[in-house]
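The values are calculated or read from the model by the stated rules, or taken from the named source; none is laboratory data. Please read these numbers as outputs of a predicted model, since none were measured by experiment. Every residue, glycine as well, gets a Cβ built from its backbone with ideal geometry; the counts of neighbours run over all protein chains shown. Just the protein is used for accessible areas: all its heavy atoms, side chains included, with ligands, DNA and RNA removed. Shrake-Rupley method; radii C 1.70, N 1.55, O 1.52, S 1.80 Å.
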Amino acid sequence: MTDLQKQIQKITPILLEIRRDLHRHPELSEHEVRTARQISLWLQRWGIPCEERIGGHGIVALIRGKASGKTVGIRADMDALPIQECASHVCCSQTPGIMHACGHDAHIAIALGAAKILKDMEDSLSGNVKFFFQPAEETIGGASRMISCGCMEHPHVDYMLGLHVMPNLESGTVEYRYGKLNASSDHIEITVHGKSCHGAYPEQGVDAIVIASHLVCSLQTLVSRSISPLQSAVLSFGKIEGGKRPNILCDCVTLEGTLRTTDSAVRTHALSYIKRQAALIAESFGGSAETAVHPGYNALINDNEVVSVIVQNAVQILGRENVYEKEAPSLGVEDFSFFLEKTPGAFFHLGCGKKEEEKTAPLHSPEFELEESCIPVGVELHVRNVLSLLSAPKTDAPAK
């Protein structure tokens, strides 16, 4: 066992208690009051200066090395989900209807552990380390709010690091990907206008439901016929509303859905296609349609040089056989993408699942239960990645 691993082993019981305390008291997006208070208390206890209420309940902590150098940022999200946890869990939420079903409690414990270790090493650091404890990842994109408050400056962050626990990966493993890791998201809202009339005399009106039905079917060809099969894109409509009575032709229908893409050009093309198709199809039936687009998170695109650093350290700690390359990007979203639009960095996945014969439930599930042995692994990875980025010159990443 290395000296670093011994230091991590020493504080692991504290980190597990921090994680369990947070798990018992989860808080929803934009309501992370107690969570922020507990994080601040631990940072103060360890002599780490921090600023509170950044972009809501966000916290920024700073460790300044004795010598000048680059600054590396580490992000941990804070919010929980509106899910009722299984009562059979040993460490169970005490707040009805709210649960840390996405592992953000573990992310906080891992970041705090890395902060404690790096604080103890500050006299030997050449550069700085910033820690971003970020609210509202699950809803409004708290990363963007923190950035708008200037958290990436004073000192300027040169590299960003982030991780997410993954139950489909066994604890003690890591998954990485060069380049595109997560999709962008756009909320699509189409309002179809027709003309109301009696259902027995449909020729006197314009049926908005018929228009909407044709529109949904037509837009399914966006991905299959308008976008290259080598690109990743998904368009799904999950909500449709319209009509007042079964014998009255509907004059207005609203469709709501989500568009996911991993390429900005594909995103632009898809949005233009949706708006054009909606207007033309509605017009062909004698109606009209308006499309509103509400942008969500942007695509998460890793910096290849930083990914190479993460892979090198993960292999050294865990062995090549426990470090996997993700084959394709996920069409789920992650607001860590906003940090990567400001500075190079990378996001990776940390296994938190149980052994193969003890299948772990997926994220965002009431059955989700974390294998806590992933926490010291995450701490060591964060620390080693920070040290590598602070000390090593930039190198060319492998071609991908």
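Would you mind checking the tilt of helix 208-219 against the longest principal axis of the Cα atoms of the chain, expressed as 0 to 90 degrees and rounded to 10?
Between helix and principal axis, roughly 50 degrees.
Quick one: order THR139, THR261 from most to least accessible surface, probe 1.4 Å. Present the calculation step by step, with values, prior to reporting the outcome.
Numbers: THR139 80, THR261 0 Å².
Largest accessible area first, the residues go THR139, THR261.
Using packing as a proxy for protection, rank 320-333, 106-119 so that the peptide with the highest average count of other Cβ atoms within 10 Å comes first.
Highest mean packing first, the order is 106-119, 320-333.
Taking the alpha-carbon centroid of each part, what is the distance from the stretch 43-120 to the stretch 193-214 in angstrom?
What the calculation gives is 54 Å, centre to centre.
List, largest first, the extents of the alpha carbons of the stretch 325-384 along their principal axes, each in whole Å.
41, 29, 23
Rounded, prolate or oblate for the stretch 112-227? Axes are the square roots of the Cα gyration tensor eigenvalues, ordered a ≥ b ≥ c, and the cut-off for rounded is a/c under 1.5.
Prolate.
Return the subset of LYS66/LYS130; LYS180/LYS342; LYS180/LYS354; LYS10/LYS70; LYS70/LYS119 for which the Cα-Cα distance in this structure is over 25 Å, preserving the input order.
Details: LYS66/LYS130 15 Å; LYS180/LYS342 16 Å; LYS180/LYS354 28 Å; LYS10/LYS70 29 Å; LYS70/LYS119 16 Å.
Over 25 Å apart, Cα to Cα: LYS180/LYS354; LYS10/LYS70.
Using the beta-carbon distance between CYS217 and VAL33 and R0 = 41 Å, what value does 1/(1 + (r/R0)^6) give for FRET efficiency, to the nearest 0.05?
Rounded to the nearest 0.05, the efficiency is 0.30.
On full extension of the chain, what length is gained from GLU283 through SER126, given 0.36 nm per residue of separation minus the C-alpha to C-alpha distance?
Using 0.36 nm per residue and subtracting the Cα-Cα distance, I get 50.1 nm.
Report ³J(HN,Hα) in whole Hz for each residue of the stretch 57-63, in order, from the Karplus equation J = 6.51 cos²θ - 1.76 cosθ + 1.60 where θ = phi - 60°; Gly and Pro get x.
9, x, 10, 10, 10, 9, 10
Roughly to the nearest percent, how much of the accessible area of the stretch 1-157 is carbon and sulfur, given a 1.4 Å probe? Kindly include the intermediate steps, with their values, before the conclusion.
Details: 3290 of 6430 Å².
About 51 percent, which is the carbon plus sulfur part of the accessible surface.
As a test of reading the structure, rank THR191, THR221 by solvent-accessible area (1.4 Å probe, protein chains only), most first.
From most exposed to least exposed: THR221, THR191.
No solvent, one uniform scatterer per C-alpha: report log10 I(q)/I(0) for the stretch 159-205 via the Debye equation at q = 0.31 1/Å, two decimals.
Log10 of I(q)/I(0), two decimals: -1.23.
Want the number for TYR201 to SER226: 0.36 nm per residue separation, take away the alpha-carbon distance, what's left?
5.3 nm
Quick one: angle between helix 3-24 and the longest Cα principal axis of the chain, in degrees between 0 and 90, rounded to 10, please.
The answer is roughly 40 degrees.
Are there cysteines in the chain with no other Cys C-beta under 4.7 Å, and if so, which?
CYS50, CYS86, CYS91, CYS92, CYS102, CYS149, CYS151, CYS197, CYS217, CYS250, CYS252 - these cysteines have no disulfide-compatible partner (Cβ-Cβ under 4.7 Å) in the chain.
For the chain, give me the percentage of DSSP beta bridges that are antiparallel, rounded to the nearest 5 percent.
Working: 43 of 67 bridges.
Counting DSSP beta bridges with both partners in the chain, the antiparallel share is about 65 percent.
Could you work out which residue, out of SER40, SER196, SER232, moves most in a Gaussian network model of the chain, that is, has the largest mean-square fluctuation with Cα springs under 10 Å?
Result for the chain, Cα springs under 10 Å: SER196 fluctuates most.
Angle check, please: helix 374-391 long axis (alpha carbons) against the longest principal axis of the chain (alpha carbons), in degrees 0 to 90, nearest 10.
80 degrees
Obtain the nm distance between the two label points defined at LYS66 and ARG24 by a simple spin-label model: each point lies 7 Å from its Cα along the Cα-to-C-beta direction.
The answer from the label model is 4.0 nm.
Kindly provide the helix-only [θ] at 222 nm of the chain, computed as the sum of -39,500 (n - 2.57) over DSSP H runs of four or more divided by all residues, to the nearest 500 deg cm²/dmol?
-11000 deg cm²/dmol
Using θ = phi - 60° and the Karplus form 6.51 cos²θ - 1.76 cosθ + 1.60, what ³J(HN,Hα) does each residue of the stretch 102-112 get, whole Hz, x for Gly and Pro?
Each residue's phi maps through the Karplus curve to give 10, x, 5, 4, 5, 4, 5, 4, 5, 5, 5 Hz.
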